[in-house]
Amino acid sequence: MANSRRGLALTVLAILFAILALSDILKPLHLEGPTTGLVFFGRRLSGTPNAILGPILGIFLLAYAAGIWRMRRYAMFFGYAYAIYVTINLVLFSARNPPPASRGDMIFGIVYIVGALAFSWGTAVLLSRHKADLA
């Protein structure tokens, strides 16, 4: 089923990144609601910037998912680049936007930040640990 070099964890992560890519590619269609937009360096985009950058980030994530799936060396570099982007994006979003209005929103925000950092950095580190298996 999963490539023996890739293992189950990287297989699942490749699939999750492909789903995330699809979500970003579809952001301009506002399927998640009228205020849906890609958050790019701390700002939620709309209009033309969202229609351009959402699919571009989605294509990057599709290439990243393919690199993980195929165990390519470039995936490790994409992983660290994406993890740095996610970290900067989260810091800027927190700095540029008012604090959450309710306790529930605050808890969601904390869980989201922890999950996003663990997902992005964890994948990059896991790929580094499989460096010898990357072609």
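What follows is calculated from the coordinates using simple rules that are stated; it is not laboratory data. Please read these numbers as outputs of a predicted model, since none were measured by experiment. FYI the Cβ positions are ideal-geometry reconstructions off the backbone, even for glycines, and counts take in every protein chain you see.
Express in whole angstrom the spacing between the alpha-carbon centres of segment 64-97 and segment 20-44.
Between the Cα centres of segment 64-97 and segment 20-44 lies a distance of 17 Å.
Projected onto the charge dipole of segment 7-133 (+1 at Lys/Arg Cβ, -1 at Asp/Glu Cβ, origin at the Cα centre), which of ASN50, ALA14, TYR80 gives the Cα projection farthest towards the positive end?
Toward the positive end, the furthest listed residue is TYR80.
On a 0 to 90° scale, report how tilted helix 7-25 is relative to the longest principal axis of the chain, with both axes built from alpha carbons and the result rounded to the nearest 10.
Tilt relative to the chain: about 40 degrees.
Nearest 10 degrees is fine. How inclined is helix 74-96 to the longest principal axis of the chain, computing both from alpha carbons?
20 degrees
Which value, in debye to the nearest 20, gives the size of the charge dipole of the chain about its Cα centre, when Lys and Arg are +1 and Asp and Glu are -1 at the Cβ? Show your work: numbers first, answer last.
On the way: 12 positive and 4 negative charges, 74 e Å.
That gives a dipole near 360 debye.
Compute the long axis of helix 103-129 from its Cα atoms, compare it with the longest principal axis of the Cα atoms of the chain, and write down the angle in degrees, 0 to 90, nearest 10.
Helix 103-129 sits roughly 20 degrees off the main axis of the chain.
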